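Undergrad: Got a structure for you, questions after.
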Amino acid sequence: GEGYYQFVWWDSEIYQMPFFLYTNPEAAKNTLIYRYRTLAKAKAIASEQGYIGARFAFCSSVTGEEKTWAGTVHPFMQDHIVADVIYATLQYFFATDDKEFMDKYGSELICESIRYWLSRTTKTSRGYELLKIAGTDEHHWNVNNDAYTNYLVKYDLNVVADLLKKKVLSFEKFGFTKNEFANLQEQASNIFINELKGDLIPQFEGYFNLSPKMESNIGSGAGPQMRYKGSYMDSQIIKQPDVLMLYSYVDVLNDHSNLKNNLKHYLKVCECSSSLSYAPHAVCCAETNKMRDFQNYLNKTISIDLDNLHGGIDSGVHSGCEAGGYLSMLFGLLGFRNKLGVLYLNPRRVSFIKKVVIPFTFKGSKFVAKLNKNNLVLELLNGGELDLFILDKQYHLSNKLAIKF
């Protein structure tokens, strides 16, 4: 809306595109074609910064130029925007098998974005590190090895390397050399990941050395939601989730066994001063069976504009958060995961919701899932049959499935 001058941020790919991907794939494709049309400018931005490939503007205009507000620093360090574009393009391809799109747009988008990361990393004795960077949390910038960025880049590099090896993707017409492919494989295996603190993922290197004090220092900050009186850079208080995004919206962690403890810590320190906080929190609460907390965050997600929770409704709706109403149900209650083009469902029990009906599209077919207590009915409305996993058991859906869980 007008309050954000109708520019495009990273939540276009990560928060909004998935809503369209699983309800109206053609609209999802258009969001990625927009990035393709700004590719020339993205390559110019990367070159100006001393890198190769494409670095998309964090606050992007029609032309792809950087339009962030004067005086801000963190947008110029939020290089995760490039990893977000790769991830979204891959998710689109895995959900649609749209090879024509990949030939015309997607392969070049991914190729130039991969080239950026191959030049953006710094090789040290610990591996390939990402230094002087900012994650999605705008309270902390100029940090090293941000969890959201490093994990997502590692995922992107590994998946792309595998697709190239299997010849599902080809970068040959973009001049991608054997040396670049070798570099891609090496970096994919050696992106530096911070050591866990117990089973907690540090949001970035040194995060747990910051002040853990929260409640005693809450006061009146710079904005209606930012209420901390001290320096955010010196505190563990975060504006919006980074680590929890890795378990929810960008599901790149194979092991979710430590989600419960990470959720406990990061819920406590998250100020939710960004509307983008509520839906990932809802998804993580659903997965860990914290259903009253799920309900709380879901209610905030779907009522943020109806109740004007963050103010500014006169300047436009919070579309990323609005999309989260649907995605909280899809990712959270249904446990929907698109893993390299294979569909996994892990439905959750919720006693205080009588019935949930969740329509979605996948691989060109339309489905509807109905949840009622511990019953799941999954029906194919139109399109082709589908093999999928429900609660880690494989099924073939040709018409209708009824599962008790």
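Undergrad: Pick from Leu246, Leu253: which is more than 23 Å from Ser211 (Cβ to Cβ), in contact with a Phe, Trp or Tyr (Cβ under 9 Å, 6 or more places away or on another chain) and not in a loop (DSSP other than H, G, I, E, B)?
TA: Leu246
Undergrad: Looking at (1) open to solvent by 20 Å² or more (accessible area, probe 1.4 Å); (2) over 24 Å from Tyr34 (Cβ atoms), find the lone condition where Ala147 falls short.
TA: It is condition (1) that Ala147 fails.
Undergrad: Residue under question is Leu298, and the condition is that it be in a helix (DSSP H, G or I), at pLDDT 95 or above, open to solvent by less than 30 Å² (accessible area, probe 1.4 Å) and closer than 25 Å to His396 by Cα; does it hold?
TA: So Leu298 does not fit the description; no.
Undergrad: Open to solvent by 20 Å² or more (accessible area, probe 1.4 Å), out of contact with any Leu (no Cβ under 8 Å at 6 or more places or on another chain) and either closer than 15 Å to Ser273 by Cα or small (Gly, Ala, Ser) (or both), is that true of Tyr326?
TA: no
Undergrad: Give region 150-159 a look and list any residue that's crowded, with 24+ Cβ neighbours inside 10 Å and either over 16 Å from the mean Cα position of the chain (by Cα) or without any contact (Cβ under 8 Å) to a residue 60 or more places away in the chain (or both), or say none.
TA: Across region 150-159, the qualifying residues are Asn150, Leu157.
Undergrad: So which pairs qualify, if the first residue must be in region 160-173 and surrounded by 12 or more Cβ atoms within 10 Å (Cβ to Cβ) and basic (Lys, Arg), the second must be in a helix (DSSP H, G or I) and at pLDDT 95 or above, the Cβ gap must be under 8 Å, and the two must be at least 6 apart or on different chains?
TA: Filtered contacts from region 160-173: no entries.
Undergrad: Which condition number in (1) surrounded by fewer than 22 Cβ atoms within 10 Å (Cβ to Cβ); (2) among the hydrophobic types (A, V, I, L, M, F, W, C); (3) in contact (Cβ under 8 Å) with a residue 60 or more places away in the chain; (4) out of contact with any Phe, Trp or Tyr (no Cβ under 6 Å at 6 or more places or on another chain) is the one that Ala40 fails?
TA: Of (1) surrounded by fewer than 22 Cβ atoms within 10 Å (Cβ to Cβ); (2) among the hydrophobic types (A, V, I, L, M, F, W, C); (3) in contact (Cβ under 8 Å) with a residue 60 or more places away in the chain; (4) out of contact with any Phe, Trp or Tyr (no Cβ under 6 Å at 6 or more places or on another chain), only one is false for Ala40: (3).
Undergrad: From the residues in region 47-63 that are touching a residue at least 60 places away in the same chain (Cβ under 8 Å) and over 16 Å from Phe76 (Cβ atoms), which one is surrounded by the fewest Cβ atoms within 10 Å (Cβ to Cβ)?
TA: Ile52
Undergrad: Among the helices (runs of 4 or more DSSP H) contained in region 1-109, which hold 3 or more residues that are over 28 Å from Ile313 (Cα atoms)?
TA: In region 1-109, 25-37, 39-48, 80-96 are the helices (runs of 4 or more DSSP H) which contain 3 or more residues that are over 28 Å from Ile313 (Cα atoms).
Let's see how each residue does on (1) open to solvent by 20 Å² or more (accessible area, probe 1.4 Å); (2) under 28 Å from Gln236 (Cα atoms); (3) in contact with a Lys or Arg (Cβ under 6 Å, 6 or more places away or on another chain); (4) not β-branched (Val, Ile, Thr):
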residue	(1), (2), (3), (4)
Asn289	yes, yes, no, yes
Ile304	no, yes, no, no
Ser315	yes, no, no, yes
Val342	yes, no, no, no
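Undergrad: Right, another one. Condition (residue is closer than 18 Å to Val250 by Cα and either without any contact (Cβ under 8 Å) to a residue 24 or more places away in the chain or not charged (D, E, K, R) (or both)) applied to region 359-366: is it met by at least one residue?
TA: Taking every residue of region 359-366 in turn, at least one turns out to be closer than 18 Å to Val250 by Cα and either without any contact (Cβ under 8 Å) to a residue 24 or more places away in the chain or not charged (D, E, K, R) (or both).
Undergrad: Filter region 368-391 down to the residues that are free of Cβ contacts under 8 Å to residues at least 24 places away in the same chain and closer than 23 Å to Glu287 by Cβ and list them by number.
TA: Result: Val368, Lys370, Asn372.
Undergrad: Out of (1) out of contact with any Leu (no Cβ under 8 Å at 6 or more places or on another chain); (2) of a type in the set (Ser, Thr, Tyr); (3) free of Cβ contacts under 8 Å to residues at least 40 places away in the same chain, what's the single condition that is false for Thr122?
TA: (1)
Undergrad: A further question follows. Among the residues of region 225-271, what is the count of those that are out of contact with any helix residue (DSSP H, G or I) (no Cβ under 7 Å at 6 or more places or on another chain), in contact (Cβ under 8 Å) with a residue 40 or more places away in the chain and closer than 25 Å to Val85 by Cα?
TA: Looking only at that region, the number is 2.
Undergrad: Regarding Tyr278, is this residue of a type in the set (Ser, Thr, Tyr), part of a helix (DSSP H, G or I), open to solvent by 30 Å² or more (accessible area, probe 1.4 Å) and closer than 29 Å to Phe367 by Cβ?
TA: For Tyr278, the condition - of a type in the set (Ser, Thr, Tyr), part of a helix (DSSP H, G or I), open to solvent by 30 Å² or more (accessible area, probe 1.4 Å) and closer than 29 Å to Phe367 by Cβ - is not met.
Undergrad: Return the residues of region 257-274 that are surrounded by 15 or more Cβ atoms within 10 Å (Cβ to Cβ) and closer than 26 Å to Val159 by Cβ; say none if nothing qualifies.
TA: Selection gives Asn258, Leu259, Asn262, Leu263, Tyr266.
Undergrad: With Asp234, Asp242 as the choices, which residue is open to solvent by less than 10 Å² (accessible area, probe 1.4 Å) and among the acidic types (Asp, Glu)?
TA: Asp242 is the lone residue from the list that is open to solvent by less than 10 Å² (accessible area, probe 1.4 Å) and among the acidic types (Asp, Glu).
Undergrad: Among residues belonging to region 1-24 that are farther than 18 Å from Gly325 by Cα and out of contact with any Gly (no Cβ under 7 Å at 6 or more places or on another chain), point out the one that is least open to solvent (accessible area, probe 1.4 Å).
TA: Among those that are farther than 18 Å from Gly325 by Cα and out of contact with any Gly (no Cβ under 7 Å at 6 or more places or on another chain), it is Trp10.
Undergrad: In region 351-381, which residues are of a type in the set (Phe, Trp, Tyr) and surrounded by fewer than 14 Cβ atoms within 10 Å (Cβ to Cβ)?
TA: Result: Phe352, single match.
The values are calculated or read from the model by the stated rules, or taken from the named source; none is laboratory data. This is a predicted model, so every value here is computed, not measured. We place every Cβ from the backbone using ideal geometry, glycine too, and count neighbours over all the protein chains shown. To get the accessible areas, we keep the full protein, side chains included, count just its heavy atoms, and leave off ligands, DNA and RNA. Shrake-Rupley method; radii C 1.70, N 1.55, O 1.52, S 1.80 Å.
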